[in-house]
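Here the structure comes first, spelled out in structure tokens, and everything after it is commentary.
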Amino acid sequence: MNPKPRSSRKHLSRAAAAVVVVLGITGLSACGAADTGSSSSKGSSDSVTIAVPSWVGAEANAAVAKYILEKELDTEAELTQLDESVAFDALNSGKVDAILEDWGGAPKKVDLYVEDKKSVVAGGDLGVVGHIGWFVPKYLADKHPDITDWKNLNKYKDLFRTAESGDKGQLLEGSPSYTTNDDAIIKNLDLDYKTVYAGSEAAQITQMKEDYKAKKPFITYWWTPQWLNAQLDLVEVKLPEYKEGCDAEPEKVDCAYAQTPLQKYFNAEFAKDGGDAAKFLKNFNWTAEQQNEVAAMIADEKMSSEAAAKKWVEANQDVWQKWLP
């Protein structure tokens, strides 16, 4: 949340306003960025710029990639926080070389840049399968077993009412930058609920942890993989079954979110001429458990992204050695 895209998830597009921006990640607008460098005589880029969406799982990918690029391949790596849609614009222009975790949140940009212009190329699976859904705490599901079926949600709306949701049940959301189908799902399933945004992944987690500790009822847009799932026992609410194409028209979505193999994308010139750095990023492939381990160090243990990456890299040489060219 990592966070959903319009056609399958997003995030996810996963400090209340800043979320997971830490040292080592810099800002980048669609019209300005650092130079990405060119191929050196050693067959490897002098520098690499990686776009990082605003959720800690994506930060974990980028932190580990940066650490290995700099320590093993002598390649400077810059991390810059960008939402998915803007990241594709930057990939197209060459201001960014790679995005390591895309949830399918910008399908029109993929069609434009990958299929039509061919300025961006697919970089393969990250190795992690993402899924978004609506979740309630297990203590609530134990007390009201039928609450995990969407057909019964209106019966329980009063449990979820807040000052922000008025006379409707509150569906807690994370960052407003995340592309979700939830407003359409609520409307098309005739649910008496209202989406309320915490403001960021970090703020959403804070609210969830507070409610969970107090054993309060809550229902939230949430995703896997996510490091917090090891601490909070959550149960997914069953929405109408996802079928191919049921989320094709955003305003008509009335189904669950898909299971989404998370993807990498590269600037086409970088993929072709980026040498060992490009080969390494193409080979970068790990599990949800490995990602969660690094994400938890950053978000829960409050380690810097560099320190978390260093700790993981030093303990998992057998994993990342296979990614080297």
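Quick check, is Y139 surrounded by fewer than 23 Cβ atoms within 10 Å (Cβ to Cβ) and either closer than 28 Å to L172 by Cβ or in contact with a Cys (Cβ under 7 Å, 6 or more places away or on another chain) (or both)? Yes; evaluated as a whole, the condition is true for this residue. In the range 162-191, the qualifying residues are those that are buried (at least 17 other Cβ atoms within 10 Å of the Cβ) and among the acidic types (D, E), and the one that is nearest to I219 (Cα to Cα) is E173.
Scanning the range 111-119 turns up at least one residue that is within 22 Å of the chain's Cα centre (by Cα), assigned to a helix (DSSP H, G or I), acidic (D, E) and more than 24 Å from D46 (Cβ to Cβ).
Only residues that are under 21 Å from A248 (Cβ atoms), touching a helix residue (DSSP H, G or I) at 6+ places or on another chain (Cβ under 7 Å) and not in a loop (DSSP other than H, G, I, E, B) were counted in the range 166-194, giving 2. Restricted to the range 248-325, the set of helices (runs of 4 or more DSSP H) holding at least 2 residues that are surrounded by 19 or more Cβ atoms within 10 Å (Cβ to Cβ) comprises 268-273, 275-283, 288-299, 305-315. F270 passes every criterion in (1) among the aromatic types (F, W, Y); (2) more than 19 Å from the chain's Cα centre (by Cα); (3) under 16 Å from N181 (Cα atoms) apart from (3).
In the condition set (1) in contact with a strand residue (DSSP E or B) (Cβ under 7 Å, 6 or more places away or on another chain); (2) modelled with pLDDT of 95 or more, E84 is compliant with all but (2).
The values are calculated or read from the model by the stated rules, or taken from the named source; none is laboratory data. The shown structure was predicted, so the numbers you read here are calculated from the model rather than taken from an experiment. Glycine gets a Cβ as well: all are built from the backbone with ideal geometry, and neighbour counts include every protein chain shown.
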